[in-house]
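Step one of this worksheet: look at the structure below.
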Amino acid sequence: MNKYHTVCQTSEIADPGKQTFEIDDSIVVVFHLHGSFYCIDDVCTHDGGPLGDGELTGNCIACPRHGAKFDIQNGQAMTMPATEDTKSHDVKIDGDHLLVRLNDA
Ligand code: FES
């Protein structure tokens, strides 16, 4: 079972906003949207584009390379050219701190 890692303070990410973090050997993006936080891999499943550099519109992040859109809430691939979901990770808040637990699956 992976453990939770403290990544930042909740106030450090604007709402709406996003920030990229490295946890162990993974790079993930944490999103803040309408008071909730979400975390997905910083990896587009089409060709590895850095999703954290993409444009956030509502609950969609658009890959900066070829424009595939993913749902930040669960990593679901929403538009071509991506056909596979990217990984989502667990987020929790402890006081002022934001914690992320990597999912292996
Ligand atoms: S690498 Fe993301 S859409 Fe192609």
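Okay, here's what the table says:
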read-out: Unique residue being part of a strand (DSSP E or B), away from the ligand (no atom under 16 Å from the Cβ), surrounded by 17 or more Cβ atoms within 10 Å (Cβ to Cβ) and modelled with pLDDT of 95 or more when the list is 37, 70; value: 37
read-out: Residue tally, condition farther than 17 Å from residue 28 by Cβ and either touching a residue at least 40 places away in the same chain (Cβ under 8 Å) or near the ligand (Cβ under 9 Å from one of its atoms) (or both), over segment 46-61; value: 2
read-out: Every residue from segment 10-31 that is outside any strand (DSSP E or B) and more than 18 Å from residue 103 (Cα to Cα); value: 10, 11, 12, 13, 14, 15, 16
read-out: Among (1) surrounded by 15 or more Cβ atoms within 10 Å (Cβ to Cβ); (2) not in a loop (DSSP other than H, G, I, E, B) - the single one residue 6 does not satisfy; value: (1)
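The values are calculated or read from the model by the stated rules, or taken from the named source; none is laboratory data. The structure presented is a predicted model; accordingly, all values stated were derived computationally and were not measured. All Cβ positions, even for glycine, are placed from backbone atoms using ideal geometry, and neighbour counts span all protein chains on display.
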